[in-house]
1. What's the center-to-center distance, using Cα atoms, between segment A:68-82 and segment D:21-76 in Å?
2. Between C:ASP184 and B:SER183, with labels modelled 7 Å along Cα→Cβ, what's the label distance in nm to one decimal, could you check?
3. How would B:GLU261, A:GLU158, D:GLU47 line up by accessible area, probe 1.4 Å, largest first?
4. Relative contact order of segment D:95-288, please, whole-number percent, based on alpha carbon pairs below 8 angstrom and at least 6 residues apart.
5. How far apart, in nanometres, would the label points at C:ASP143 and A:ALA235 be if each is projected 7 angstrom from Cα along the Cα-to-Cβ direction?
6. Ignoring ligands, DNA and RNA and using a 1.4 Å probe, state the total buried accessible area between B and A in Å², rounded to the nearest 100.
7. May I ask you to report, in nm to one decimal and beginning with the shortest, the distances from B:ALA208 to the same position in the other copies, taking label points 7 Å along Cα-to-Cβ?
8. 7 Å along Cα→Cβ for the label point: how many nanometres lie between D:HIS145 and each equivalent label in the other copies, listed shortest first?
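The values are calculated or read from the model by the stated rules, or taken from the named source; none is laboratory data. Quick caveat: nothing in here was measured; it's all calculated off a predicted structure. Methodologically, a virtual Cβ is constructed for each residue, glycine included, from the backbone with ideal geometry; neighbour enumeration extends over all protein chains shown. Areas reflect the complete protein model, heavy atoms only, side chains present, ligands, DNA and RNA absent. Shrake-Rupley method; radii C 1.70, N 1.55, O 1.52, S 1.80 Å.
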4 protein chains.
Amino acid sequence: MGNGKEGLSAVLLVHCVDRKGIVATITDFLYKNGGNILYLDQHVDAERGVFFMRVEWALDGFAVPREELQDTFGELIADKLSLDFKIYFSDERPRVAIFVSKLQHCLYDLLSSVRSGFWPMDIALIISNHPDLKGVAENFGIDFHHVPITSATKAEGEARELALLSEYDVDFIVLARYMQILSDDFVKHYPNRVINIHHSFLPAFPGAKPYHSAFERGVKVIGATSHYVTAELDAGPIIEQDIVRITHRDSVGELVRKGRELEKLVLTRAVWNHLKRKILVYANRTIVFD
Amino acid sequence: MGNGKEGLSAVLLVHCVDRKGIVATITDFLYKNGGNILYLDQHVDAERGVFFMRVEWALDGFAVPREELQDTFGELIADKLSLDFKIYFSDERPRVAIFVSKLQHCLYDLLSSVRSGFWPMDIALIISNHPDLKGVAENFGIDFHHVPITSATKAEGEARELALLSEYDVDFIVLARYMQILSDDFVKHYPNRVINIHHSFLPAFPGAKPYHSAFERGVKVIGATSHYVTAELDAGPIIEQDIVRITHRDSVGELVRKGRELEKLVLTRAVWNHLKRKILVYANRTIVFD
Amino acid sequence: MGNGKEGLSAVLLVHCVDRKGIVATITDFLYKNGGNILYLDQHVDAERGVFFMRVEWALDGFAVPREELQDTFGELIADKLSLDFKIYFSDERPRVAIFVSKLQHCLYDLLSSVRSGFWPMDIALIISNHPDLKGVAENFGIDFHHVPITSATKAEGEARELALLSEYDVDFIVLARYMQILSDDFVKHYPNRVINIHHSFLPAFPGAKPYHSAFERGVKVIGATSHYVTAELDAGPIIEQDIVRITHRDSVGELVRKGRELEKLVLTRAVWNHLKRKILVYANRTIVFD
Amino acid sequence: MGNGKEGLSAVLLVHCVDRKGIVATITDFLYKNGGNILYLDQHVDAERGVFFMRVEWALDGFAVPREELQDTFGELIADKLSLDFKIYFSDERPRVAIFVSKLQHCLYDLLSSVRSGFWPMDIALIISNHPDLKGVAENFGIDFHHVPITSATKAEGEARELALLSEYDVDFIVLARYMQILSDDFVKHYPNRVINIHHSFLPAFPGAKPYHSAFERGVKVIGATSHYVTAELDAGPIIEQDIVRITHRDSVGELVRKGRELEKLVLTRAVWNHLKRKILVYANRTIVFD
């Protein structure tokens, strides 16, 4: 597995109907073209009969030129095996849009993570339905666009957002406590490319104030969930979840504070795994290769 | 706090309407009678205006004789302050009934914990609606009573169980994956003295097969919850919760296996805290002093 | 316990030789002066015979004026009982100095936490032995002082740092991955008021590169430790520790990345507990009330 | 991946010098013989240039007869690629010897796990240097051999143990808090087949009483480590580690109690992974496929 010292590598993500010979065929293709495998993991969903694979190999000395890889693999392998596939290169830096409202904790955590240099992504722009965090964006030298959304202006607002995403050539979107529900139409433009952080477990207490409900019910742990956004609210494929322990001493305010620490952690892990192309989605579940 | 080396101690659990002077009055009572406090913790539920306290003190040299403590404290302090209180002594060994069905993992864990010598409780008897675990009980030299329960015989069966609990002088009950719902009437005999292990978080997926639901939803953690049993199913005060991480690789079978390891852990912790008189219940929530 | 809605409160931290009557005397003092206790917890170190207490009470209606509290409590109670004590008020905002070198992750996390509004502290200044993070300080509008330290200039550098701390009226110091060892003399100016984050467990692998050692040894968890700085390197009282799981797949680079996420978390929790006056130190151990 | 519903499968564990084509060659062999891959994971140790793989496939319809698989794979593939390999079959039930002294918690946990039916292994015998747990063995119907060991009789005692292991046809050994150090000679008979539970992290406090040292140092977490036993004490390849949080309230006795709960958990997970043939050992580190 890559340790950052190697040169360029490619990542291939595959899913298809499970049958014999898929790994053999793909690895044979890599071998015959001189590809040295750095990472390979696969998974079979036995119930649904679906095969998933992630393979990463060094491009140094690989016979197929990078710009032809998509076509070559498509024609020689994918078409024959009826594979769904995607190819990524390790020097690509995805361009990300962060959507926020007024809460800043997740935004700061993402900004400082990218600044750390470990994270191969660029924050293309920040979009918000409130002007509050404009200053944060400016401090980090990132374009900030205030797109107010009301029920009356939703269609118009989302149209503007989509135009911005297109203009800024955005690869995926992170909702860093963005307090608006995206329309089905919007979501369809970025399938499995909008990552949300939900301030609760799923299944969760119903309603908009999960920390209050958690307090009332007297639970001993609270959770957070990061998931891809789909048309159905909070029902998208779960990428990552974790919890923090609480006690009877924790007021609702303390739950909120502890919860926000957790939200940062869970969202960051989800974005990292997306960024490293470790996630496949199928049947509303994620395969997260480690 | 007790380290096992001291002699006899008493534990006082108190709750009452919050107001000034409660701690002062109680600790003054202890002080004037020569009580050395080993542990004191308190909690105020600010919203409901309720005060909770747990205090433990050495009985060596304490002026009030043990057998008069209940009455003396009651008359001098509790009546004046309108306290709800309970007093326990460190040399008491509560007598426990374990209810099981066919699953043995929680039963074994409790049996071996008690055998370890750390646990100051006696398992008085094991009651089951199935005969399967009779041999386990025999191996540990514990009486086993098979009380089959059907919807037709429920009242009769519970009557027999209550008679057994009385005959064996049982202090509290642990449902170690007992697959029967206790009637309201039964529960009323042992308020906050029936501890259940629920193989899920609360809030949980609805239905009887939470691990299947968790698998379907693609969650990344599964949980278990130990709670006191109340009339409303799975709605009693939560004592302890914890989780275990899962991945896409885990089949439903693996979820069940990991879940059972977790159930043992969570139930054991809950019973330990009950045993150590660390739990107060109010408004369907627990205060668990540490 | 405070939920932020109450008015002013005071926190009293006490330690002394354990004997009967301490809680009674102190709570009686509070009661007679009309103090409503919001939080009280105590601990007895049975081996060493030392008593510790944290009590918080509402100042609304309290008979002793705030500015006389230190003297009054000292004369009436502390002198008689030979207590060590400290009193804090809930509206005090401690002034903190953050020391950094080149790594920014802990700095950003602290800055954004304070910005969140939950944290009642002010970051008075940032001191660094490198100029790299000057821009971060400027973005947050915080004074930044570059104090280069070499072995030749250490005494001089620390003298300048102490002068700055005095000038900025600093209450406590957070070493947010500050890569210099503070001299004994420096530490003596801020006993139990310098919080460090150590990128390892204690006990730890010896040497300066714990993540490399952890990788070599093939451990399955890595840890981080936050502690008060004392004259002996990495031997000060531990405030908080936690871990993150790793696998054979994690390169040293991944250990570093995961470790940094953990360092943020552990340092943040330690600073929070210090800020909330929840920590007492005795015999090189901490009592951290929850 | 196996969910218990499939028929027979084989697991192949491989390690060798890393080079191109290994996965292709092996998966091609499986494909051409009609093997349906249920699980495949691999790992490259980039620094040492070593390749590791675990592949599991269904034997139903596989062209190479089970009894010829070792030879066929050896001749056609392993010899050519200079692979180290092992093949296991899913219907094999390894025979395990459990070594104990006087502590019973890990023993009970293993016994009840096997009883649960989830665990495909047989406990062949229990060996102890003390007679105390003979009754436990009898209750579970397992042969118990008391082999006292003193420094004077160590060679003789181990010879008797080795004879017993041979007589009972034991595949691997679990030291369930066995309080004797095995000689190098003994260990050599069962390389990477003796699993120990160490009641501490590694690196750990030196000495025989880690919980006492942990208490003295005031740590906030305690750990346990399961590892393969090698000639060097406590230096063998780590299989699994985990922690439990502690506080200032925990006496040494409480640390021991919490530690034992943890030891059960960590040892059980390690044995499970060994049993499922998920572990490869190289350069004193483990690869634990998930």
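1. Centre-to-centre (Cα) distance: 25 Å.
2. Computed distance between label sites C:ASP184 and B:SER183 equals 7.6 nm.
3. On the way: B:GLU261 35, A:GLU158 15, D:GLU47 120 Å².
Order by accessible area, largest first: D:GLU47, B:GLU261, A:GLU158.
4. Working: 325 pairs, mean separation 36.9, N = 194.
Relative CO of segment D:95-288 lands at 19 percent.
5. 5.8
6. 3100
7. When each copy's label point is compared with this one, the spacings are 3.9, 5.4, 6.5 nm.
8. Distances between equivalent label points, in nm: 4.5, 7.3, 7.6.
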